[in-house]
There are 4 protein chains.
Amino acid sequence: MYSFTCDYTEGAHPEILKRLAETNMQQEPGYGEDSFCTEAKTRIREAIGCPNADIFFLVGGTQTNSTVIDGMLERCQGVLAVQTGHIAVHEAGAIEFSGHKVLTLPQHEGKMDAGDLEAWLEGFYADETYPHMVQPGMVYISFPTEYGTIYTRAELESIHTICQKYKLPLFIDGARLGYGLASPAADVDMEGIAHLCDVFYIGGTKVGALCGEAVIFPNGNAPRHFFTHIKMHGALLAKGRLLGIQFATLFTNNLYLKLSKHAIEMATKLKAVFEQAGVPFYINSPTNQQFPILTAEQMAELEGKVAFEVWEKLPDGRFVTRFATSWATKQEAIDFLISCRSL
Amino acid sequence: MYSFTCDYTEGAHPEILKRLAETNMQQEPGYGEDSFCTEAKTRIREAIGCPNADIFFLVGGTQTNSTVIDGMLERCQGVLAVQTGHIAVHEAGAIEFSGHKVLTLPQHEGKMDAGDLEAWLEGFYADETYPHMVQPGMVYISFPTEYGTIYTRAELESIHTICQKYKLPLFIDGARLGYGLASPAADVDMEGIAHLCDVFYIGGTKVGALCGEAVIFPNGNAPRHFFTHIKMHGALLAKGRLLGIQFATLFTNNLYLKLSKHAIEMATKLKAVFEQAGVPFYINSPTNQQFPILTAEQMAELEGKVAFEVWEKLPDGRFVTRFATSWATKQEAIDFLISCRSL
Amino acid sequence: MYSFTCDYTEGAHPEILKRLAETNMQQEPGYGEDSFCTEAKTRIREAIGCPNADIFFLVGGTQTNSTVIDGMLERCQGVLAVQTGHIAVHEAGAIEFSGHKVLTLPQHEGKMDAGDLEAWLEGFYADETYPHMVQPGMVYISFPTEYGTIYTRAELESIHTICQKYKLPLFIDGARLGYGLASPAADVDMEGIAHLCDVFYIGGTKVGALCGEAVIFPNGNAPRHFFTHIKMHGALLAKGRLLGIQFATLFTNNLYLKLSKHAIEMATKLKAVFEQAGVPFYINSPTNQQFPILTAEQMAELEGKVAFEVWEKLPDGRFVTRFATSWATKQEAIDFLISCRSL
Amino acid sequence: MYSFTCDYTEGAHPEILKRLAETNMQQEPGYGEDSFCTEAKTRIREAIGCPNADIFFLVGGTQTNSTVIDGMLERCQGVLAVQTGHIAVHEAGAIEFSGHKVLTLPQHEGKMDAGDLEAWLEGFYADETYPHMVQPGMVYISFPTEYGTIYTRAELESIHTICQKYKLPLFIDGARLGYGLASPAADVDMEGIAHLCDVFYIGGTKVGALCGEAVIFPNGNAPRHFFTHIKMHGALLAKGRLLGIQFATLFTNNLYLKLSKHAIEMATKLKAVFEQAGVPFYINSPTNQQFPILTAEQMAELEGKVAFEVWEKLPDGRFVTRFATSWATKQEAIDFLISCRSL
């Protein structure tokens, strides 16, 4: 059976395993002070065109969101996100655990609208009781979003401009950053991302690594004590080499984008399978997550053959499903899907 | 140059890398529901003789301490530990970040004394103002301690008895558990540990793994919602397979204890090097961490040849140092140390 | 100028000041162990028909909500409330500060609908990813709500039944409890409230006291260590007598309800003033808060004569305002309002 | 029976009750924006010679400590205090609840020694693992201390100088400030206190008020959003007038210091009673708390006649006790004590 349930079903790209093995017995200091982390930082700084960037390697996505947000907010500030933002729904309250409210805005195909953001902020400060409410302290968006959609450069610029007007740092959750940047629909590259926000992360877990997210403060603007802050959050890896080696490898010979492009190619083919079968989509995603709407019959036909996620049952009895491709998706998996009678 | 600075300077035992590679493209669900985690849990339950144990795999030590302690304490409770306990000193306030005070007792070569514990508890409840103070909610000890010392079975039993009398769960930090159990001075095995506490963890990071700590509630006594709690703490690994594979490997063919024994053999040889040179020790450690007291001349002689940690400068000008061996320490490193003129 | 801005513009009912003065030099222990707190608890237990109730006196509303909610939730649980609930909007993130998310449901004239609640809970547990989300741990409603509306007994029973089905404690925020119970629209009394929830509080601050809220666990079901928990939250008053005297007075000769009834009589007259002037209401409130919709001209006419709050500007240019009466509202204030030309 | 158990056994100074009554029906805005708070702030600014001071009124001591400390610390910072500091022992973990560790130094008759402080800071930064530890972010001292002792101006200057060198704000807990300043041993006045720290508070609860502590940032250096921060901590009183009236009264005609002097006069007489009876003291306190060491026979003799606190049983069977005087202590109470046969 082939699984399209998510983009973290396999291990790591073989190059990563190879380099882990090659360097295995090399003695290195812990906590990110190893030579691999140094190498990875250099490579990433080059890739994003930010020679002064502060870079930290963390282990996972929820951890990264919580550590970054809590690290940049003042005590009585909250973070603005759309209702469907990962931090608002699927992080088990990790942001609130650190003491901060997630202030939610409406979502538009998973995206934040600059107009909504500005209206919210204007409304907030127009309400004279605002000192009795959580103060906005940061804007959080995902690229791509939880629905696979991506922001255009113009949209990012609009949001960033409003953030600057209100002195709010803009944080881009890039858990699937590569899959956004590799999309044919993208009109921004990694350097563009770095210049349109105050902090972002490059997701490794979903793009070829065993684990790891690279947090980047493009202008060397990491909060002081951020290392200690990471440790306090339980997010400091003793053998930082594990993260350093992975990111050094992903940023050698453009591997990160190559893997991302593969996932998008597979997603495009997968999308075509459904389109040719006349299956509609819940949302028009240009990235590695696709959301076909299946009938009960189609679901039954695929059962036991292909694994995928069911997101929602629609009132008419059909199901919104999620099929994800990744760096590891094989052509044979797509071929098998094509062979399934119901599609 | 050979480094004895700590026990996490290398990658992972080759068997682990091998199995990571072999299983790399096998598709598995995330978040610890993969077949490797299941296998690892089965193997660990056998090794500790607790068929009903609840087991969770976390990534690192500070994270594990913080997640377990916060998960078992009520809101206004604190955790009792010796002053030199890892949670009291070197975790950047991770316990306090989760809202709990570390209540400290005196240390005796890094260990908690059952008598001290009982006296503290008696004194606490004898003070009629105790409801105005942090309530004791758990006892934390390390096996081995931060000074490399270990508890005897009798000492563990004494502490456990007091814990039971006061209805306090006993938590054993086993970041270096293998190195304690493999010590010739140990009169308790892993099954014994499991039966003398309410929760403990088997450290992987320092004993052959790239990362990973196995948290064990021996009697199936994990707090409800503990999975969600782990996620909230940012401690849930998406690719749980990384942890599952490592622990499954470490608990196949007794690898965990074999690696531990190797480290202890190397430590015994290392200790002999210093003893034969007439170098005194700060503490008599029977495990993989050794604390020779070196003169400034001896320090100078070793500089640039052998790396180690300086813990403290004594009033008389000498230095307390730490030399750690591990599963990865080579005989040639010991030989090189012997060859250093000053020893 | 008369102010209708809120229900805490005056000091305390004269009986309270009188008793404060009479008992002033009587020496009493601190922290709620004084004889007045004991008296107040006895009187409240009688008034609510719960002889075993656990009762604690806190100082203010936000503090009480935060202390109670954090005291009853487990670590990774959140509290369910309607979007307009006080804890969701106007408490500066006090609930999140204590680590818990406020999970919001739609509001219906400020109230939670039992059907919405059940649907939310069913949906939550039907989503197989629920362990990755904040766990529901309590239901919070206000009586009356932030819009002045009140629940019927049947509505409370419906909500309570669902809470019991899902083992969720029901918490009733009674910051203005008296004004709800004294409403002609109320079909439940204080004893009824006590029997239809797991914890509630009787608001003193807005009903005749200088400060103070009486938290009640009707079945003696206070969480253990709740006294310590209050202290930890900074909510324990040294001179507990200040709270004890006030609640003892309010619960002598039915003063609390008498004061409440006065406020409702004044509100009824105030409502009539607007009705007779043909002014529409934003919401039909049967309690002490009234929400007339005024035109810009009406606003201008009242300016400098009568103080009130502006809640919202409507798209058509009119304004939703709030006029509150209280135990202290004088008939002459109503008369003056009647005399204002624009009404 | 006369009680010397603490300095909060009575209500408030009659002038306060009088002014509460006089102003009772005056309508005022809430949350500290009333005219009384404004008046109180003006009077306090004059009394401390700091025309730009930011002043906030909170309700109680633990609440104030927690709100101020959490408001000034960065996320991963802790607060330095002596082991016997109130925040380290008797606040039920309120500081840890807000996420911060209390870093403890030795106490010398309840006081912090500038040399200890400097040595601690030097040692901290000399330890190269310091980024793995809680970062020092503030120094907390009490004036007078929990043992009734006070700092000399020179001692305060020494501590302040070290704080400035390390850029650590100095916070002075003045829960009993008046009783320190009124002591014949004091060589500093309120203006001096204000100039030798970054934030302090003037305790009202123990010096004539029903409740209330005035937090002062002498140089207008309150953290931004501090109002919201107070609300988030549950420490914002709705009827701020209650605090404003009390502090306005205490700072009219020098009442605060007059009350304080009375307490010290009573303490001096009380001390003499014990001295004349040959009773030794645990500590030589120059303020309103006295710590006579009584034998079991003396304790028995006083039982049922005079109330006081027992702090500790000494190894020789005698008891360290605490007798506190206050603004409310009557000469007849001292006379009665003299009449007790055993003294």
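Values in this text are rule-based calculations from the coordinates and carry no lab data. Worth saying up front: this structure is predicted, and the values here are computed from it rather than measured. Virtual Cβ from ideal backbone geometry, glycine too; neighbours counted across all protein chains shown.
Miscellaneous remarks
- Modelled spin-label separation between C:E332 and D:N221, with each label point placed 7 Å from Cα along the Cα-to-Cβ direction: 4.9 nm.
- Three-way shape label, the protein assembly as shown, alpha-carbon gyration tensor, a/c 1.5: oblate
- Cβ-Cβ FRET estimate between B:E46 and A:Q26, R0 fixed at 51 Å, reported to 0.05: 0.90
- Of all beta-carbon atoms in chain C, the one sitting closest to the axis that brings chain C onto chain A gives C:E96, 2, with the distance in whole angstrom.
- Annotation: the residues C:R75, D:R322, B:R241, sorted from fewest to most other C-beta atoms within 10 Å of their own C-beta, follow the order D:R322, C:R75, B:R241.
- Charged-residue dipole, Cβ positions (Lys, Arg, Asp, Glu), segment A:24-132 about Cα centre, Debye nearest 20: 240 debye
- About its Cα centre, the dipole of segment D:14-255 is roughly 700 debye, where the only charges are +1 on Lys and Arg Cβ and -1 on Asp and Glu Cβ.
- Inter-copy label distances at C:A272 (7 Å, Cα→Cβ; nm, one decimal): 6.9, 7.9, 10.4
- Relative exposure of C:Y31, D:Y140, judged by other C-beta atoms within 10 Å (fewest first): C:Y31, D:Y140
- A point 7 Å from Cα along Cα→Cβ stands in for A:G115, and the other copies hold the same point at 3.3, 7.1, 7.7 nm, listed in rising order.
- Look at the alpha carbon pairs under 8 Å that are at least 6 residues apart: their mean separation over the length of chain A gives a relative contact order of 25 percent.
- Based on the Kirkwood approach, the hydrodynamic radius assigned to segment B:14-255 is 18.2 Å, with every pair of different Cα atoms included.
- The alpha carbon gyration tensor of segment B:255-317 gives principal lengths a ≥ b ≥ c with a/c of 1.5 or higher and a/b greater than b/c, which makes the shape prolate.
- Sorting D:212-225, C:95-108 by average packing, meaning the other beta carbons within 10 Å per residue, from highest down gives C:95-108, D:212-225.
- The aspartates and glutamates whose alpha-carbon is closer than 15 Å to the alpha-carbon of A:K261, local same-chain residues fewer than 8 away aside, are A:D7, A:D187, A:D189.
- Of all DSSP beta bridges in the protein assembly as shown, antiparallel share, percent nearest 5: 55 percent
- What separates the A:K305 label point from its copies, with the point 7 Å along Cα to Cβ, is 7.1, 7.9, 9.8 nm, written shortest first.
- Relative exposure of C:E309, A:E312, judged by other C-beta atoms within 10 Å (fewest first): A:E312, C:E309
- The count of lysine pairs in segment B:14-255 whose Cα atoms are under 25 Å apart, excluding pairs fewer than 8 places apart on the same chain, comes to 16.
- Each label point was placed 7 Å from the Cα along the Cα-to-Cβ direction; for B:E33 and D:H195 their separation is 6.9 nm.
- Its DSSP H runs of at least 4 residues, each contributing -39,500 (n - 2.57), put the calculated 222 nm mean residue ellipticity of chain C at -11500 deg cm²/dmol, to the nearest 500.
- The length gained by stretching the chain between D:E275 and D:A185 to full extension, at 0.36 nm per residue less their Cα-Cα distance, is 30.6 nm.
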